[in-house]
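Visitor: Sharing a structure below in structure tokens format, with a few things to ask.
Read-outs throughout are calculated quantities, based only on the coordinates presented, and are distinct from any laboratory measurement. Being a predicted model, the structure only gives us computed values, none of them experimental. Cβ sites come from the backbone with ideal geometry, for glycine too, and all protein chains shown count toward neighbours.
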Amino acid sequence: GAVVSQHPSWVICKSGTSVKIECRSLDFQATTMFWYRQFPKQSLMLMATSNEGSKATYEQGVEKDKFLINHASLTLSTLTVTSAHPEDSSFYICSAIRLAGAHEQYFGPGTRLTVT
Amino acid sequence: QQQVKQSPQSLIVQKGGISIINCAYENTAFDYFPWYQQFPGKGPALLIAIRPDVSEKKEGRFTISFNKSAKQFSLHIMDSQPGDSATYFCAASRGGTSYGKLTFGQGTILTVHP
């Protein structure tokens, strides 16, 4: 099956600092990747769509200047949480759609961010 | 209109039983309906998915039933096992510029007792 990895798996940072999370599709190419956020015991909420070679598109209510997304290649997208605050603490999960095949969407293992 | 409503919130089933989780949607533009399984601290894993031109799809112990007129779809897990204990999410997405953007249901916590 398709594999999507994320790094780091968990991170603790101080309020006001920035954190970068990487999302990689390991065995397939993906022109489109997505970033979701999941608070404890809640569902996943789409934050933004990351397109290789173009600007990311953000869902309503998501601050694009706070959550910087860069889709540098067909296998890598990064999410940078800038000037993090405790309310940004969450589980961040990326997903990727295979270029070939039935266009199923595969999710990474997630990154647990804790802002102190 | 973008919501996907999922029920029940939690479900307890005995080993060997059938687990049934239901979802309903409003947006008739949705054309892809996947189900995901998530274990604590992990990302969701795709279980099975269906498109509206099919009323049922089966893969192993997992079956999706789809009722286009009622705008409902459900997941049936046959011969449920303790290892199936997890949170299950239904989701939906549509094509065009929103291709791949998944709207998730609220999730169902499934517990299968041995």
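Visitor: Shielding of B:40-50 by partners, i.e. mean partner chain Cβ atoms within 10 Å per residue?
Guide: Mean partner-chain Cβ count within 10 Å for B:40-50: 5.
Visitor: Next question, about the same structure. Under the Karplus relation 6.51 cos²θ - 1.76 cosθ + 1.60, θ = phi - 60°, what is the ordered set of whole-Hz ³J(HN,Hα) values for the range A:40-54, x standing for Gly and Pro?
Guide: So the J values, rounded to whole Hz, are x, 6, 10, 7, 8, 10, 5, 9, 6, 10, 10, 10, 4, x, 9.
Visitor: Taking amide H atoms as placed 1.01 Å from N in the peptide plane, list the residues 5 or more away in sequence, or in a different chain, whose amide H sits under 5 Å from that of B:Asp31.
Guide: Here the answer is B:Ser93, B:Arg94, B:Gly95, since their amide H atoms fall under 5 Å of that of B:Asp31.
Visitor: How large is the charge dipole for the protein assembly as shown, taken about the Cα centre, if only the Cβ atoms of Lys, Arg (+1) and Asp, Glu (-1) carry charge, to the nearest 20 debye?
Guide: Using only the charged Cβ atoms, the result is roughly 140 debye.
Visitor: Rounded to the nearest 5, what is the percent of antiparallel bridges among the DSSP beta bridges in the protein assembly as shown?
Guide: 90
Visitor: Continuing with the same structure: Return the average number of partner chain Cβ atoms within 10 angstrom of each residue Cβ along peptide A:12-25.
Guide: 0
Visitor: Give me a single rounded figure for B:99-111: the average over its residues of other chain Cβ atoms within 10 Å of their Cβ.
Guide: Per-residue shielding by partner chains comes out at 4.
Visitor: Right, here's the next one. Find which of B:Gly16, B:Tyr99, B:Ser74 sits farthest along the positive direction of the dipole of chain B, computed with +1 on the beta-carbon of Lys and Arg, -1 on that of Asp and Glu, about the Cα centre.
Guide: It is B:Tyr99.
Visitor: Using every alpha carbon pair in the protein assembly as shown, what percent of pairs falls into each 10 Å bin from 0 up to the bin containing the largest distance?
Guide: Reading the bins upward from 0: 8, 32, 35, 20, 5, 0.
Visitor: Compute the projected area of the convex hull of the Cα atoms of the range B:1-82, averaged over all viewing directions, and report it in nm² to one decimal place.
Guide: 5.9
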